[in-house]
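Participant: Mind looking over this structure? Questions follow.
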Amino acid sequence: MARTVAVFSKHATTLLNKLRELLPNQVFVEVLLSDLSALKEAEIIVGDYNLIAPYLYQLPKLKWVQGTWAGLDSLWPHIDRHAPPKFPITRTSGENFGKLMREYVIANMVFWERNYLKAIENQKAKLYDRDVSSNDYRSIADLKVAILGVGAIGSIIGRSLKDLGATVYGMGRRAAIPLEAPENAYLEKYYTETDLIELLSSVDYIVNVLPKTPETTNILGNGMLKHCKNKNVVFINIGRGNVLTELELVQALNEKWISGAILDVFEKEPLPVESQLWTLPNVFITPHISGNSRAQDIAEKFRINLARFEKNEPLENQVDFHKGY
């Protein structure tokens with residue numbers, strides 16, 4: 001007999017429709033903020049971390065949580081690292097997010113290099129100016145790109161850039177990876193944090209995909225971006241905003257250590273109205289939407305993990321409470 005699965009999400013209606021479409025024989029019940037009874041009885045929950053997190057240690061029947069997001073920022077304040085939950089928590093991450101985020105990266109590179117953002121302004125002004133885009137703009141095939149964080153998401157981005165002709169470098173937490181392995185063939189070279197200065201001084205774009213952990217906090221701070229100066233480097237951040245402070249990012253832009261920034265994540269979210277980033281001419285801002293959690297992707301991840309859960313097999317994208325992701 002199928003277990004009843006509790007769904008606790010801001011977008012529960014859409015998510016329930018996709019879950020029931022994909023798993024018609026599975027019983028799903030919506031959890032309401034006004035009635036948490038289904039949550040307290042649940043063995044399996046699919047839900048948003050910010051809604052579930054306050055109750056994690058109050059659910060004795062719970063055996064597994066499938067989160068709807070990849071990022072864990074709203075989960076950690078409620079987790080006791082010395083006594084983490086005994087049940088697995090799995091993220092909606094991996095290939096689905098990689099595909100969405102590579103589209104964000106590639107689209108923004110093209111728009112930035114061809115100055116299409118200015119063309120949008122010209123359209124509003126009814127200005128037909130073919131010189132808005134330089135005849136010698138950099139194509140993706142001309143670019144050297146550093147991917148900070150070559151896990152599942154970073155690798156998908158890197159492979160697509162390689163397919164378009166870019167030279168791709170990667171940085172990760174592993175001491176070394178076999179570049180001759182097929183899954184790493186897109187990389188020209190692999191770096192660790194120890195070699196970060198060399199990496200930053202060698203590229204045209206920095207794409208940050210790193211998760212928020214103590215190890216990644218301020219990894220690009222303390223003047224690190226000075227090593228990009230005079231290289232016309234553009235910084236794309238789709239990982240987390242903890243890699244450097246906003247103050248230092250603004251400094252890097254104003255002092256032209258980097259030529260521009262395409263930012264989807266920030267040190268503080270929502271980005272405060274008083275932030276200097278809003279008004280800098282060499283910054284493009286999006287509100288943490290480079291890889292939204294789509295209902296169909298959440299449902300598919302749950303379907304895969306439910307089959308594994310029923311067979312007592314390891315679950316995909318299980319949170320490691322010690323690593324922090």
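The values are calculated or read from the model by the stated rules, or taken from the named source; none is laboratory data. Predicted model only: the values in this text are computed from it and were never measured. Don't worry about glycine lacking a Cβ; one is built from the backbone with ideal geometry, like all the others, and counts go over all protein chains shown. Side chains included, ligands, DNA and RNA excluded: accessible areas come from the protein's heavy atoms. Shrake-Rupley method; radii C 1.70, N 1.55, O 1.52, S 1.80 Å.
Participant: Specify which residue in the list A107, L19, P281 is farthest towards the positive end of the charge dipole of the chain, using unit charges on the beta carbon of Lys, Arg (+1) and Asp, Glu (-1), about the Cα centre.
Facilitator: Of the options given, the answer is L19.
Participant: Another question about this same structure. Taking the Cα centre of region 72-139 as the origin and placing charges on Cβ (Lys, Arg +1; Asp, Glu -1), which of S139, Y128, I79 is farthest toward the positive end of the dipole?
Facilitator: Result: I79.
Participant: Expected output is a single nm value to one decimal: the length gained when fully extending between N115 and S139, i.e. 0.36 nm times separation in residues minus the C-alpha distance. What is it? Walk me through the intermediate numbers first.
Facilitator: Values: separation 24, 0.36 × 24 = 8.64 nm, distance 1.19 nm.
Value of the extension gain: 7.4 nm.
Participant: If you don't mind, there's one more thing I want to ask. In the chain, what percentage of the DSSP-assigned beta bridges are antiparallel, given to the nearest 5?
Facilitator: Within the chain, antiparallel bridges account for around 5 percent of the total.
Participant: For the chain, report the accessible area per residue in Å² (1.4 Å probe, heavy atoms, rounded to an integer). Present the calculation step by step, with values, prior to reporting the outcome.
Facilitator: Working: 16770 Å² over 325 residues.
Each residue of the chain exposes 52 Å² on average to a 1.4 Å probe.
Participant: I've got another one for you. Could you tell me the relative contact order of region 207-325? Use alpha-carbon pairs under 8 Å, at least six residues apart, and round to a whole percent. Walk me through the numbers before you get to the answer.
Facilitator: On the way: 147 pairs, mean separation 28.2, N = 119.
RCO, region 207-325: 24 percent.
Participant: Find out how many positive minus negative residues lie around N232, taking Lys and Arg as positive, Asp and Glu as negative, among other residues whose Cβ is under 15 Å from that of N232. Kindly include the intermediate steps, with their values, before the conclusion.
Facilitator: Values: positive: R114, R138, K144, K226, K229, K231, K256; negative: E113, D136, D142, D204, E255.
Summing Lys/Arg as +1 and Asp/Glu as -1 gives +2.
Participant: Could you let me know the centre-to-centre spacing of region 208-227 and region 2-71, using Cα atoms, in angstrom?
Facilitator: Using only Cα atoms, the two centres lie 34 Å from each other.
Participant: Straight-line reach from K229: which lysines fall under 19 Å, measuring Cα to Cα and dropping same-chain residues less than 8 apart?
Facilitator: K144, K256
Participant: Subtract the Cα-Cα distance of E21 and D131 from 0.36 nm times their separation in residues, and report this length gain in nm to one decimal. List each step's numbers first, then the result.
Facilitator: Details: separation 110, 0.36 × 110 = 39.60 nm, distance 5.03 nm.
Between E21 and D131, full extension yields 34.6 nm more.
Participant: Would you tally the net charge around R114, using a Cβ to Cβ cut-off of less than 15 Å, leaving R114 out, and scoring K and R as +1, D and E as -1?
Facilitator: Details: positive: K118, R130, R138; negative: E113, E121, D129, D131, D136, D142, D204.
It works out to a net charge of -4.
Participant: What percentage of the solvent-accessible surface of region 90-216, computed with a 1.4 Å probe over protein heavy atoms, is contributed by carbon and sulfur atoms? Write out the running numbers ahead of the final one.
Facilitator: Numbers: 3270 of 6620 Å².
Roughly 49 percent, rounded to a whole number.
Participant: Please give the contour-minus-distance gain from T286 to T217: 0.36 nm per residue of separation, less the Cα-Cα distance, rounded to one decimal in nm.
Facilitator: Details: separation 69, 0.36 × 69 = 24.84 nm, distance 2.13 nm.
Additional length available on full extension: 22.7 nm.
Participant: Grab the beta carbon distance between E269 and S34, set R0 = 25 Å, and tell me the FRET efficiency rounded to 0.05.
Facilitator: Details: r = 27 Å, r/R0 = 1.09.
FRET efficiency, E269 to S34: 0.35.
Participant: Taking the Cα centre of region 81-201 as the origin, how large is its charge dipole in debye, to the nearest 20, when only Lys and Arg (+1) and Asp and Glu (-1) carry charge on their Cβ atoms? Write down the numbers at each step before the final one.
Facilitator: Working: 17 positive and 15 negative charges, 117 e Å.
It comes to approximately 560 debye.
Participant: Give me the percent relative contact order of the chain, please, defined on Cα pairs under 8 angstrom at least 6 residues apart.
Facilitator: Values: 553 pairs, mean separation 50.1, N = 325.
RCO, the chain: 15 percent.
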